[in-house]
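Data first, discussion second: the structure below is written as structure tokens.
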Amino acid sequence: MKKIAVFASGNGSNFQVIAEEFPVEFVFSDHRDAYVLERAEKLGVLSYAFELKEFENKADYEVALVELLEEHQIDLVCLAGYMKIVGPTLLATYEGRIINIHPAYLPEFPGAQGIEDAWNAGVTESGVTIHWVDSGVDTGKVIKQVRVPRLADDTIESFEARIHEAEYKLYPEVIRELLYK
């Protein structure tokens, strides 16, 4: 069985969906106070947290991540609300083994505010994308996408909720395909 690790920066709702369906070797957060760490504890999943500011530079931070991944012999890294751009140190070792979920239909609305950007643009639909991570921001090869319509009576909150529901279906589907192919 391939081993997976999840990287998350905040709430960890996508991590929870993944961990309830697959054995997750560990979760990593770049924030020591992230709620994802509480979720991991409740689910009995090993967790690690350290912050970029604790290191001399981003390369040293990513060396520590690579060491963690190698120590656990991780085959697939699933970014789930991990709000750091993956740098060259981590990519050098793990490119082709890191996937990300993005709350928009890429290449539309890349970056940290995909849902809000789509809403503010007044689109009739947005979506969810799962893609391989490369050196750009949300520019990696798309693995799978799904469209989410914006309904006439939507608020940004209801639109966002439906996008998250689509994420919770799509991410496990893609992980299953990658783990068992």
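For the stretch 83-97, the tally of residues that are open to solvent by 20 Å² or more (accessible area, probe 1.4 Å) and at negative phi stands at 9. Remark: residue 100 falls outside the filter, which requires a residue to be open to solvent by 60 Å² or more (accessible area, probe 1.4 Å) and either at pLDDT 95 or above or in contact with a strand residue (DSSP E or B) (Cβ under 7 Å, 6 or more places away or on another chain) (or both).
Of these, 27, 17, which one is among the aliphatic types (A, V, I, L, M) and free of Cβ contacts under 8 Å to residues at least 24 places away in the same chain? Checking each option against the conditions leaves just 27. Please enumerate the residues belonging to the stretch 27-41 that are touching a strand residue (DSSP E or B) at 6+ places or on another chain (Cβ under 8 Å), more than 17 Å from residue 84 (Cα to Cα) and open to solvent by 70 Å² or more (accessible area, probe 1.4 Å). 41 - this is the single residue of the stretch 27-41 that is touching a strand residue (DSSP E or B) at 6+ places or on another chain (Cβ under 8 Å), more than 17 Å from residue 84 (Cα to Cα) and open to solvent by 70 Å² or more (accessible area, probe 1.4 Å). Among the numbered criteria (1) in contact with a strand residue (DSSP E or B) (Cβ under 8 Å, 6 or more places away or on another chain); (2) more than 25 Å from residue 23 (Cβ to Cβ), which one does residue 90 miss? Result: residue 90 passes all but (2). Just one of the listed residues (55, 109, 7) is open to solvent by less than 40 Å² (accessible area, probe 1.4 Å), among the aromatic types (Phe, Trp, Tyr) and at pLDDT 95 or above, and it is 7. Within the stretch 120-137, being open to solvent by less than 50 Å² (accessible area, probe 1.4 Å) and modelled with pLDDT of 95 or more holds for 122, 123, 126, 127, 128, 129, 130, 131, 133, 134. Do you know which residues across the stretch 109-140 are over 20 Å from the mean Cα position of the chain (by Cα) and not in a helix (DSSP H, G or I)? Passing the criteria: 122, 123, 124, 125. Close contacts from the stretch 109-132, counting a first residue that is over 21 Å from residue 173 (Cα atoms) and a second that is in a loop (DSSP other than H, G, I, E, B) and among the small types (Gly, Ala, Ser), with Cβ to Cβ under 8 Å and a gap of 6+ residues or different chains, come to 110/104; 114/104; 115/104; 117/104; 117/111; 118/104. Taking the conditions exactly as written (touching a residue at least 12 places away in the same chain (Cβ under 8 Å), touching a Pro at 6+ places or on another chain (Cβ under 6 Å) and not in a loop (DSSP other than H, G, I, E, B)), does residue 143 satisfy them or not? In short, no.
Only residues that are closer than 29 Å to residue 2 by Cβ, touching a residue at least 24 places away in the same chain (Cβ under 8 Å) and either of a type in the set (Ser, Thr, Tyr) or out of contact with any Pro (no Cβ under 7 Å at 6 or more places or on another chain) (or both) were counted across the stretch 149-175, and they come to 9.
Of the helices (runs of 4 or more DSSP H) lying entirely inside the stretch 1-104, those containing at least 2 residues that are among the hydroxyl-bearing types (Ser, Thr, Tyr) and closer than 18 Å to residue 137 by Cβ span 88-94.
The values are calculated or read from the model by the stated rules, or taken from the named source; none is laboratory data. Everything numeric here is computed off the predicted structure, so don't read it as measured data. A quick note on method: Cβ atoms are made from the backbone with ideal geometry, for glycine too, and the neighbour counts reach across all protein chains shown. These area figures cover heavy atoms from the full protein model, side chains too; ligands, DNA and RNA do not enter into them. Shrake-Rupley method; radii C 1.70, N 1.55, O 1.52, S 1.80 Å.
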